[in-house]
1. So what is the 222 nm mean residue ellipticity for the chain from helices alone, if each DSSP H run of at least 4 adds -39500 (n - 2.57) and you divide by all residues, rounding to the nearest 500 deg cm²/dmol?
2. Please work out the C-alpha center-to-center distance from segment 62-139 to segment 151-201 and express it in whole Å.
3. Contour minus end-to-end for Lys482 and Glu110, with contour as 0.36 nm per residue of separation and end-to-end as the Cα-Cα distance?
4. Test of understanding: what is the full-extension gain from Arg616 to Lys573, defined as 0.36 nm times their sequence separation minus their Cα-Cα distance?
5. Rounded to the nearest 0.05, what FRET efficiency do Ala448 and Ile244 have when you use their Cβ-Cβ distance and R0 = 51 Å?
6. Between Gln289 and Asp301, what length comes free when the chain is fully extended (0.36 nm per residue of separation minus the Cα-Cα distance, one decimal in nm)?
7. How about Lys260: which lysines have a C-alpha closer than 24 Å to its C-alpha, ignoring those fewer than 8 places off in the same chain?
8. May I ask you to list the lysines whose Cα is less than 23 Å away from that of Lys356, ignoring any residue fewer than eight positions away on the same chain?
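The values are calculated or read from the model by the stated rules, or taken from the named source; none is laboratory data. Only a predicted model underlies this, so the values are computations on that prediction, with no experimental measurement involved. Every residue, glycine as well, gets a Cβ built from its backbone with ideal geometry; the counts of neighbours run over all protein chains shown. Ligands, DNA and RNA are stripped out before the accessible areas are found, and what is left, the full protein with its side chains, is counted by its heavy atoms. Shrake-Rupley method; radii C 1.70, N 1.55, O 1.52, S 1.80 Å.
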Amino acid sequence: MCGIVGYLGPKNPKDVILTGLKSLEYRGYDSAGVSILHEGKFKRVRAEGKLGNLSAKLDGEAFSGHLGIGHTRWATHGKPSERNAHPHCVGGISLVHNGIIENYMELREELVRDGAVLESETDSELVAHLIEREVRAGGDRAAAGNGAAAGVSSALLAAVLRILPRLHGAYAILVVSEREPDTMVAFKNGPPLILGVGPDAMYVGSDVMALVPYTKKVVYLDDGEVVEVKGRSYRVLDHSGATIQKKLVEVNWTADVASKGGFPHFMVKEIFEQPRAVAQAIQPHVNLQKSSVELSGVGFDVDQVLAGIERVFIVACGSSYYTGLVGEYMIERLAKVPVECDIASEFRYRHPVLPKNSLFISISQSGETADTLAAVRMAKQAGAKILSICNVKNSSIDREADGHLYMNAGTEIGVASTKAFSATLALLNLLSLAVAKAKGVLSAEDEAKYVREVLAAPAQIETVLNLDKFFKQAADKLKSYKGFLYLGRGVHYPIAMEGALKLKELAYMHAEGYAAGEMKHGPLALIDDKMAVVTLVPHDDLYEKTLSNLEEAKARGGQIISIGTGESERLEKISQYYLALPEVGWFTLPLLEVVPVQLLAYHVACSLGHDVDQPRNLAKSVTVE
Ligand code: M6R
């Protein structure tokens with residue numbers, strides 16, 4: 001998390017950095033700051049809270065220099081405050097950091113022993129001190145005729161190379177020095193860092209989005225790499241100072257200025273974009289004439305790989321993990337291949353066994369989630385084939401994977417995932433059909449039936465979006481409940497969990513997603529007349545059983561909000577609120593069910609006055625463990 005921007009060029013650094021930070025605010029928004037050269041010295045301006053506070057402080061501030069760095073923070077060490085905001089400035093060095101320095105205590109003690117005066121509670125400031133100390137020591141060495149490593153003319157770069165072995169943990173760091181006003185040095189291990197190469201200026205950013213308004217030519221830095229920018233040139237080095245040849249990539253992103261398109265928030269705009277997101281996700285992979293699945297552009301021979309797999313692993317975090325659980329149901333049911341779906345932070349430490357011929361599917365909207373990335377690397381080392389489902393081309397996970405399915409959902413700005421969720425579900429629909437087909441267990445007739453169901457989903461989601469008014473009106477009542485239980489069975493259970501997560505992250509209310517049949521094993525004790533029970537009860541073979549679970553909750557005072565399919569007198573009778581979705585089968589129903597649970601959370605959060613696009617304590621891209 002945290003967003004980094006650096007600029008060296010003829011324009012006004014303040015404008016370039018602020019524009020860049022605006023597009024990176026999704027990475028963290030508890031404080032922000034810039035450090036820009038002015039009359040030979042760094043002028044630092046920082047502000048607690050959203051970027052707007054920093055922009056206001058920078059109004060009327062002028063800078064004469066052409067080098068500057070900026071940062072938007074998601075706090076790890078040290079509370080969100082101006083004092084802990086980046087950049088950290090020590091003796092002419094200015095530094096911004098994204099990540100966590102794990103040996104922070106040891107470094108802190110050493111620096112304090114050495115006389116360093118620490119201004120903040122952050123781990124990041126320690127790196128600025130380490131570099132500054134090395135720059136000073138390098139100067140002394142040079143005075144004694146004992147200079148830097150061969151080929152390293154920049155004192156800043158030499159200092160960075162010397163301190164690198166001292167840093168343990170995850171970091172993307174950009175550092176500049178008053179003594180070298182034509183130089184930026186950036187290095188990474190874990191979180192993303194990208195160099196932008198413009199015709200007359202150089203840029204550094206945490207995300208291509210911060211660079212594309214200025215240049216489409218970028219270099220993706222890999223772990224263990226250091227880039228030195230000097231004037232209009234750059235070179236990438238390893239930790240020993242040896243040059244690494246890197247590819248200059250031309251990205252085709254457009255700098256579409258994020259607009260709410262008439263909606264009050266990005267989140268609700270993105271909820272309403274779901275029909276299009278689903279259509280765009282499936283479009284490349286469906287043969288409309290034959291109503292068949294033809295996964296295209298994956299990057300490996302899909303039919304051959306899928307035919308040979310004996311086990312599937314799906315690994316992801318948060319909402320992406322819930323899509324994975326739906327995928328697990330679909331693949332096992334249709335393709336009869338065993339599937340394990342795991343939370344990435346558990347998978348990576350549980351010593352999993354990946355048998356030969358395993359397909360490892362990673363799901364990540366951002367493609368940067370640190371735990372998912374680590375799990376991908378583990379699986380790759382274990383010899384599994386990696387298939388990434390991702391929204392951001394060229395993101396870290398995308399670059400590690402052997403094969404790719406793109407969500408094509410368009411940029412998702414709201415921190416709460418919505419359209420990427422549905423786009424992923426639709427891709428998993430198609431992927432499960434593709435696995436079943438490759439395994440020879442899906443008839444052409446069934447394939448055509450399921451494909452037609454997926455093709456019908458965008459229009460059906462459109463009709464479900466009409467429920468918006470319903471939750472808007474109900475929000476005032478709903479926000480008075482003390483807690484929410486979300487229930488579902490089978491493929492609907494992960495959607496119940498997604499509903500609970502949405503309410504937690506947006507409304508800051510306690511909510512839990514539970515398998516409806518598990519209620520009697522404990523959670524039933526929570527039920528009273530202040531507890532809302534949101535239940536997914538489609539007309540399927542488990543309808544009667546779920547209805548009985550609801551009766552049990554109702555008998556104990558629970559306030560029932562049920563989401564079913566078509567008319568149901570019995571459900572209506574026991575429910576405070578009953579919502580009828582179109583009567584569609586199990587395969588695509590999750591695509592419809594997720595819409596009302598998103599709208600419920602959105603409207604309750606709005607009526608509580610919360611910032612739904614940037615909920616407290618969260619960030620869109622989670623690049624720390
Ligand atoms: O970018 P990813 O899909 O890897 O992100 C995973 C989670 O951090 C993400 O889904 C998170 O749970 C969202 N805030 C959910 O709305």
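1. Values: 19 runs with 226 residues, N = 625.
Mean residue ellipticity, 222 nm, calculated: -11000 deg cm²/dmol.
2. Each part reduced to its Cα centre gives a spacing of 14 Å.
3. 129.0 nm
4. Numbers: separation 43, 0.36 × 43 = 15.48 nm, distance 3.79 nm.
Separation in residues times 0.36 nm, less the Cα-Cα distance, equals 11.7 nm.
5. Values: r = 50 Å, r/R0 = 0.99.
It comes to 0.50.
6. On the way: separation 12, 0.36 × 12 = 4.32 nm, distance 2.25 nm.
Length gained, Gln289 through Asp301: 2.1 nm.
7. Here the lysines satisfying the reach criterion relative to Lys260 are Lys22, Lys50, Lys269, Lys393, Lys419, Lys469, Lys472, Lys502, Lys504, Lys620.
8. Lys336, Lys380, Lys385, Lys437, Lys439
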